[in-house]
1. Taking the criterion of being modelled with pLDDT of 90 or more, over 24 Å from residue 390 (Cβ atoms) and part of a helix (DSSP H, G or I), would at least one residue in the stretch 313-326 satisfy it?
2. Do the conditions hold for residue 276, that is, is it modelled with pLDDT of 85 or more and surrounded by fewer than 10 Cβ atoms within 10 Å (Cβ to Cβ)?
3. Does residue 375 meet the test of being modelled with pLDDT of 85 or more, surrounded by fewer than 17 Cβ atoms within 10 Å (Cβ to Cβ), part of a helix (DSSP H, G or I) and not assigned by TED's automatic domain parsing to the domain that holds residue 213?
4. Taking the stretch 176-192, which residues are at pLDDT below 90 and assigned to a loop (DSSP other than H, G, I, E, B)?
5. Across the stretch 46-61, which residue is surrounded by the fewest Cβ atoms within 10 Å (Cβ to Cβ) among those that are touching a helix residue (DSSP H, G or I) at 6+ places or on another chain (Cβ under 8 Å) and in a helix (DSSP H, G or I)?
6. Checking the conditions here, which among 297, 330 is assigned to a helix (DSSP H, G or I), more than 22 Å from the chain's Cα centre (by Cα), modelled with pLDDT of 90 or more and assigned by TED's automatic domain parsing to the domain that holds residue 239?
7. If you go through the stretch 117-150, how many residues are farther than 22 Å from residue 294 by Cα, in a helix (DSSP H, G or I) and out of contact with any strand residue (DSSP E or B) (no Cβ under 6 Å at 6 or more places or on another chain)?
8. Taking interchain pairs and intrachain pairs at least six residues apart, which have beta carbon atoms under 8 angstrom, with the first residue in the stretch 8-25 and on the phi > 0 side of the Ramachandran plot and the second buried (at least 16 other Cβ atoms within 10 Å of the Cβ) and part of a strand (DSSP E or B)?
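The values are calculated or read from the model by the stated rules, or taken from the named source; none is laboratory data. Fair warning: this is a prediction, and the values are worked out from it, not measured in the lab. All Cβ positions, glycine included, derive from the backbone under ideal geometry; neighbour counts span all protein chains shown.
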């Protein structure tokens, strides 16, 4: 994952007190109270001592200046919880020395700015505050969500102090407002920009498994198309329009049904198309624009299932096909791509990343109920975050249905 650090930093002194690279993507922010009106330099000197056995990613001093002590790519030692600090950006904030550990206006204003910056660089559109500890820690943030957590949940401490604790709802609202959060839900391709290729596949793999259950199109093939056509979700078209398959405004005369595209949102750009003789022609074309990657996947599958050439379906035999090489050939032969090596490229990608692991497997008909699974999730048997999503999906369960029930049980 390509982690970055905040440009709000005015002082940097890296601490030796950290655990190295994170094992979980950032989806939490944990603000702390220093219990003292510190300076950025003073806090840096304190964390620089190995005897301190503590650190934070950032610190905000009494004048609202930001210090960097542990880079965001690394896990700090701050919240008395390895699980939390592996996924949280931790921030120590200058405060009074006694409860309610009040923070001055400069500190709070900088905290808002820093949280906005952290969310933006990690592809988040919303900052959430859930005051119920159990519900918050079991909640799985959507791809565009960041959640606030507090030190007092993991240790017998007041941190971050009652002054800030009583304002966390306000903090979340202010940050989300500045992020200009959209009402559209789902994964945004912009959140994939700084991820490694392997991390992108892990993040989107379950989306293709879920689509296969609905469409009958092999997840491995659709995922390979996503990788090839969008450059792991990082192409201009994906980043600007969440269009991960090069879907143009007009396709096959639009003689197909089931499209989830709104029929009007487009992104115009130049593109190259290969001719039968191998040469290329550059054209300007209108491409479909989607609110999320999920919509792009759904529209792509609807096209493959419904597109016609005259009265016949272009990609007849694709639905239910269990062999990825055969499925790739059906797509190419139906006129989907102009590249002469399209099939070979898809198969090479599938084999390189072992994408057949995302295909729905025929398993036992004996399935646990949603309630049973939800109880197991709450008990910690299915892990957290992406791990939970991958495990449930791989086991053949509807992750969204299970997580919805978990949230209902904890509400």
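1. Yes, the stretch 313-326 contains at least one residue that is modelled with pLDDT of 90 or more, over 24 Å from residue 390 (Cβ atoms) and part of a helix (DSSP H, G or I).
2. no
3. It is true that residue 375 is modelled with pLDDT of 85 or more, surrounded by fewer than 17 Cβ atoms within 10 Å (Cβ to Cβ), part of a helix (DSSP H, G or I) and not assigned by TED's automatic domain parsing to the domain that holds residue 213.
4. 180, 181, 182, 183, 184, 185, 186, 187
5. 52
6. Being assigned to a helix (DSSP H, G or I), more than 22 Å from the chain's Cα centre (by Cα), modelled with pLDDT of 90 or more and assigned by TED's automatic domain parsing to the domain that holds residue 239 holds for just one of 297, 330, which is 330.
7. Total meeting the criteria: 7.
8. Pairs found: 20/74; 20/75.
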